[in-house]
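What follows is a single structure, written as structure tokens, with notes after it.
The values are calculated or read from the model by the stated rules, or taken from the named source; none is laboratory data. Since the model is a prediction, treat every value here as computed from it, not as a measurement. Ideal geometry is used to build each Cβ from the backbone, glycine not excepted, and the neighbour counts take in all protein chains shown. Note: accessible area is taken over every heavy atom of the protein model, side chains too, but ligands, DNA and RNA are not part of it. Shrake-Rupley method; radii C 1.70, N 1.55, O 1.52, S 1.80 Å.
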Amino acid sequence: AQAPVLTLDGPGGAGKGTLASALACELGWRLLDSGALYRLVGLIALREDLDADNAADCAEAAEAARGLDLVFEPDAGEGQRVLLAGEDVTEVIRSDAISDAASKWAVQSAIRQALLSRQRDFASPPGLIADGRDMGTIVFPDADLKIYVTASAEERASRRHAQLSGSGVDANLERIYREILERDARDASRVVAPLKPAVDAHVIDTTGETVSASLERVRGLVRENG
Ligand code: C5P
């Protein structure tokens with residue numbers, strides 16, 4: 001029998017990462033943070049100075065994506081560390097530069113294609129929580145439960161701002177908000193795998209809601225779904 005798959009898609013900052021890791025922890029299922037794969041491609045491309053508009057560079061990036069030497073390692077909390085060829089890049093790949101590079105490379109169909117089977121390989125017993133943009137639409141169209149998590153752009157910007165301020169970074173709310181709108185537009189308007197809820201997805205709007213309230217709603221869907 002195939003392992004059950006629960007997909008959580010939505011724009012950045014909507015809270016799906018937090019919900020996904022909490023849920024994976026509770027259920028004892030594997031967690032696929034697909035955004036991390038795109039971030040690793042962005043990191044490699046920056047390090048190798050690859051240009052997404054150059055065909056040879058694109059082919060090189062796709063090759064790197066196919067051979068991605070990646071390990072998700074459980075850490076002390078609910079999160080996981082990201083190892084690229086043994087190097088711990090967990091924090092490195094969260095920078096704004098990498099966020100930007102990831103979303104630029106994510107529009108390339110050769111990159112998306114290269115990552116497809118890597119992502120599907122994560123589905124194994126007892127089950128998988130898949131977190132991303134196209135988990136329910138493209139990567140796991142037959143998922144047992146699909147959830148689309150969203151929140152207003154203002155709310156997502158202020159969460160990101162609070163997160164950065166909390167870690168001592170002097171962040172500008174207005175600029176974060178503008179970047180979120182730009183990234184949303186890029187994710188939603190791209191030709192391959194645009195960000196949108198699967199037709200059979202349950203949509204959860206977390207605007208003005210605490211993490212535990214959102215988590216309780218997701219648990220409700222999991223229970224209903226058996
Ligand atoms: O979720 P996260 O912010 O880590 O994703 C980084 C970028 O990777 C996103 O802005 C998006 O462009 C891309 N991405 C994607 N498809 C996924 C996950 C992430 O295109 N399934």
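Some values worked out for this structure:
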quantity: Single unsatisfied condition, Gly127 versus (1) closer than 30 Å to Glu26 by Cβ; (2) open to solvent by less than 30 Å² (accessible area, probe 1.4 Å); (3) within 13 Å of the ligand (Cβ to nearest atom); calculated: (3)
quantity: Subset of the stretch 160-183 [within 13 Å of the ligand (Cβ to nearest atom) and either at pLDDT 95 or above or closer than 20 Å to Leu215 by Cα (or both)]; calculated: Arg160, Gln163
quantity: Residues of the stretch 13-59 classified as in a loop (DSSP other than H, G, I, E, B), aliphatic (A, V, I, L, M) and without any contact (Cβ under 8 Å) to a residue 60 or more places away in the chain, total; calculated: 2
quantity: Failed condition for Val71, given (1) open to solvent by 30 Å² or more (accessible area, probe 1.4 Å); (2) part of a helix (DSSP H, G or I); (3) touching a Leu at 6+ places or on another chain (Cβ under 7 Å); calculated: (2)
quantity: Matching option when the condition is under 17 Å from the mean Cα position of the chain (by Cα), under 22 Å from Gly79 (Cβ atoms), in a loop (DSSP other than H, G, I, E, B) and of a type in the set (A, V, I, L, M), among Ala123, Ala102, Ala130; calculated: Ala123
quantity: Qualifying positions in the stretch 108-119 - within 12 Å of the ligand (Cβ to nearest atom) and open to solvent by 10 Å² or more (accessible area, probe 1.4 Å); calculated: Gln108, Ser109, Arg112, Leu116, Arg118
quantity: Subset of the stretch 53-66 (residues that are surrounded by fewer than 22 Cβ atoms within 10 Å (Cβ to Cβ) and either within 18 Å of Leu83 (Cα to Cα) or within 12 Å of the ligand (Cβ to nearest atom) (or both)); calculated: Ala64, Arg66
quantity: The stretch 133-152, residues that are of a type outside the set (Val, Ile, Thr) and part of a strand (DSSP E or B); calculated: Leu145, Lys146, Tyr148
quantity: Hits in the stretch 188-200 - residues which are under 25 Å from Ser158 (Cβ atoms) and in a loop (DSSP other than H, G, I, E, B); calculated: Leu195, Lys196, Pro197
quantity: Residue that is modelled with the lowest pLDDT [pool: residues in the stretch 88-107 that are among the acidic types (Asp, Glu) and within 16 Å of the ligand (Cβ to nearest atom)]; calculated: Asp96
quantity: Residue under evaluation Val203, criteria (1) open to solvent by 40 Å² or more (accessible area, probe 1.4 Å); (2) in a loop (DSSP other than H, G, I, E, B); (3) within 27 Å of Glu26 (Cα to Cα); (4) aliphatic (A, V, I, L, M), criterion not met; calculated: (2)
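For every residue, the table says whether it meets (1) within 11 Å of the ligand (Cβ to nearest atom); (2) over 25 Å from Ala14 (Cβ atoms); (3) surrounded by 14 or more Cβ atoms within 10 Å (Cβ to Cβ).
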position	(1), (2), (3)
Val82	yes, no, yes
Gly86	no, yes, no
Phe122	no, no, yes
Gly136	yes, no, yes
Val139	yes, no, yes
Lys146	no, no, yes
